[in-house]
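*Asks:* Below you will find the structure I want to go over with you.
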């Protein structure tokens, strides 16, 4: 029988996963200046350090590292991770589960909690990988209004009352794709609303250490009284995304359900990768490394912002205090997809903003990444973009 | 609001995931002789080789290994993997997707294909990790009869006709937990039935290289004409489970759907781990390593079998040609769980067979692993088990 008679699971009915992939294929062309990915700069990736640490941990504990590990995590890493959460983030006595990149935290949390048709409140725009995750669990996405201080808590409360959601998904610090940060007051309010109405908050916070100005803000999780907030963290942006090590921290019952889910998704996160990150924490290598990359990224961010300030009238953009992304809006009626088609011809790539919206639209928006480039490439690429936009304005 | 009002997703209604975990906690006690896990012997784990290879790949290509990778896989590994599939397994021109342990292959395949209520035919008993996976996708499990040559194809055809399943899940070589191998003739027949009726075959084949006697048999996949068979392979049993590297090979459309699923579960399998396995293949390290561990495991298997042959009448057991497990049946009415309670007191652990059955029962069965022990421990542990069973017979 021909395979054309095969039907796929209905969870894929509204998920194509292709738009961004196509862009990434184009980016892979040699010579392309890419503002598209969320990639760390290659110079920020500690290859020599990782090589040294891999040798050390394999020499000390190689047999156990290559053996099956516990789903609950590599014990030394669990220890250093809990201490890191306490001292670095002010998150005390949580259950912690190491995961294969914080993307897996979202997958396991949805697996544990989401039935088809359950509602999840999302910032709009938001991180498209996790939007796809929620769609594959057949959640109904409910977009909440945001401004420069992040989610609007009054609109959030209105939506909680009227739609009875299961979960709120938020990236509170240097949000992807907008670069916005939820204010201190609103962090408290979100925790209160979650507790008041009994809604899970999935707090996705991978960018928090990449702060270029201003004071660090405590996680929403630190204002959580009864366990409604699950904190999802990652070492992808501060050590290496290729190692795929993240974690989730929260109520013991929720983490246990996620652990059972993880048993039958990948058994456990690779021990070698957990052991390498463990040594980064134990040997106090993280803080100086972050300091170094923050100083480089700050310069790249400022350079891109200074170019944007010379863009023609009608182009607006966010001024993030950290993270990897600047969000821009072109003049009403101008299509970022069309600009992308043209800019690719000139060797410059970015991601049209429409892909980050739960229901599409917003064709005049785009996301710009500054971390994956160098100053020289930002200069060249932003000039080309500026010229292109001017040309299209004068059409 | 108290978190007790939180409800979990209904996919967890019939999944507790706890029985085996409790046993594994007991095993972790110092001095325990464990026939319970599916662990490679510690002496079989190539820690020095992995350390050397990690240094090499990080020196040669460290920046790219620590950067985000493609969901589709680390390009050099994709190349060596395809060549390995062709020369080693006779599987040609498939689409291949590296995954985070072959457990993830099953998760992605279910994600791509299974709607709640879809039927999956399973060997009974079968690998409990994947039974749990299928239950979490709310599949209805349909057990097929097996004998010493594996699944009974006539019963399989009857079940296909009467239950219209979406998938057949099989471990054709040195099955977990029984150690049985599907015969050549039946492999052809399973491929034919899948093609005739339009049913996916999930061929889970992690043990095939651990053959202690007899001729290697071709995968069911090699008899697949139209793409209904998806082959799932692993390097956990022949290199290291702690590295979490497996793969799936099959029709391009199915693999693409699984790739989209993988985008939002862990983005990609860690590059470092793929690069290490890639070098195992490229430097022709796998065959000599497998030869070495096969010779050790064969001796351990034979030793355990010779002990079992001295067990009291009424105890029957399989005589596997390879793999990691022997399956035993105690005299009718004797409970393996009760024997386990007693044997743990004497420092010996195994897994009661009931956990491997889709619907429980079969209380007098058990699974014995010989790879994770040494000859000395097998001697001592099997003598204790024999004595315990004799004592229980005479009660």
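The values are calculated or read from the model by the stated rules, or taken from the named source; none is laboratory data. Fair warning: this is a prediction, and the values are worked out from it, not measured in the lab. So basically every Cβ, Gly included, is an ideal-geometry build from the backbone, and we count neighbours across all protein chains shown.
*Asks:* If you scan segment B:63-115, which residues turn out to be out of contact with any helix residue (DSSP H, G or I) (no Cβ under 8 Å at 6 or more places or on another chain), within 14 Å of another protein chain (Cβ to nearest Cβ) and free of Cβ contacts under 8 Å to residues at least 60 places away in the same chain?
*Replies:* If the condition is that a residue be out of contact with any helix residue (DSSP H, G or I) (no Cβ under 8 Å at 6 or more places or on another chain), within 14 Å of another protein chain (Cβ to nearest Cβ) and free of Cβ contacts under 8 Å to residues at least 60 places away in the same chain, then B:75 is the only one that fits.
*Asks:* Does at least one position in segment B:270-280 carry a residue that is farther than 20 Å from residue B:40 by Cα, touching a helix residue (DSSP H, G or I) at 6+ places or on another chain (Cβ under 8 Å), at pLDDT 95 or above and in a loop (DSSP other than H, G, I, E, B)?
*Replies:* Within segment B:270-280 (the criterion being farther than 20 Å from residue B:40 by Cα, touching a helix residue (DSSP H, G or I) at 6+ places or on another chain (Cβ under 8 Å), at pLDDT 95 or above and in a loop (DSSP other than H, G, I, E, B)), the answer is yes, since at least one residue qualifies.
*Asks:* Would you pick out the residues in segment A:263-293 that are in contact with a strand residue (DSSP E or B) (Cβ under 7 Å, 6 or more places away or on another chain) and either without any contact (Cβ under 8 Å) to a residue 60 or more places away in the chain or more than 9 Å from chain B (Cβ to nearest Cβ) (or both)?
*Replies:* Let us first name the residues in segment A:263-293 that are in contact with a strand residue (DSSP E or B) (Cβ under 7 Å, 6 or more places away or on another chain), namely A:269, A:274.
The answer is A:274, and nothing else.
*Asks:* Which condition number in (1) touching a helix residue (DSSP H, G or I) at 6+ places or on another chain (Cβ under 7 Å); (2) in the same structural domain as residue B:248 (by TED's automatic domain parsing) is the one that residue B:40 fails?
*Replies:* (2)
*Asks:* Can you name every residue in segment A:320-336 that is surrounded by fewer than 17 Cβ atoms within 10 Å (Cβ to Cβ) and without any contact (Cβ under 8 Å) to a residue 40 or more places away in the chain? Let's see the steps before the verdict.
*Replies:* Here is the first cut: in segment A:320-336, the ones surrounded by fewer than 17 Cβ atoms within 10 Å (Cβ to Cβ) are A:331-333, A:335.
Listed by number, the residues that qualify are A:332, A:333, A:335.
*Asks:* Another question, then. Would segment A:1-9 turn up any residue that is without any contact (Cβ under 8 Å) to a residue 40 or more places away in the chain, under 30 Å from residue B:227 (Cβ atoms), facing chain B (nearest Cβ under 8 Å) and assigned to a helix (DSSP H, G or I)?
*Replies:* yes
*Asks:* Something else: Does segment A:246-253 contain at least one residue that is part of a loop (DSSP other than H, G, I, E, B), buried (at least 24 other Cβ atoms within 10 Å of the Cβ) and at the interface with chain B (Cβ under 10 Å from one of its Cβ atoms)? Explain how you work it out, then say what you get.
*Replies:* Going residue by residue through segment A:246-253, those that are part of a loop (DSSP other than H, G, I, E, B) are A:251.
Next, only the ones that are buried (at least 24 other Cβ atoms within 10 Å of the Cβ) stay: none.
Looking for residues that are part of a loop (DSSP other than H, G, I, E, B), buried (at least 24 other Cβ atoms within 10 Å of the Cβ) and at the interface with chain B (Cβ under 10 Å from one of its Cβ atoms), one finds none in segment A:246-253, hence no.
Condition check ((1) part of a loop (DSSP other than H, G, I, E, B); (2) farther than 26 Å from residue B:89 by Cα) across all residues:
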residue: B:293; (1), (2): no, no
residue: B:320; (1), (2): yes, no
residue: B:331; (1), (2): yes, yes
residue: B:334; (1), (2): yes, yes
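*Asks:* Any chance segment A:41-62 includes a residue that's surrounded by 22 or more Cβ atoms within 10 Å (Cβ to Cβ), within 30 Å of residue A:384 (Cβ to Cβ) and either within 7 Å of chain B (Cβ to nearest Cβ) or in contact (Cβ under 8 Å) with a residue 24 or more places away in the chain (or both)?
*Replies:* yes
*Asks:* So, one more: Assuming residue A:151 fulfils every condition listed in (1) touching a residue at least 40 places away in the same chain (Cβ under 8 Å); (2) more than 10 Å from chain B (Cβ to nearest Cβ); (3) surrounded by 19 or more Cβ atoms within 10 Å (Cβ to Cβ) apart from one, which condition is it?
*Replies:* Only one criterion is unmet by residue A:151, namely (1).
*Asks:* Looking at B:367, B:298, B:384, which is the one that is more than 19 Å from residue B:27 (Cα to Cα) and modelled with pLDDT of 95 or more?
*Replies:* On the way: B:367 fails: more than 19 Å from residue B:27 (Cα to Cα); B:384 fails: more than 19 Å from residue B:27 (Cα to Cα).
On inspection, the qualifying residue turns out to be B:298.
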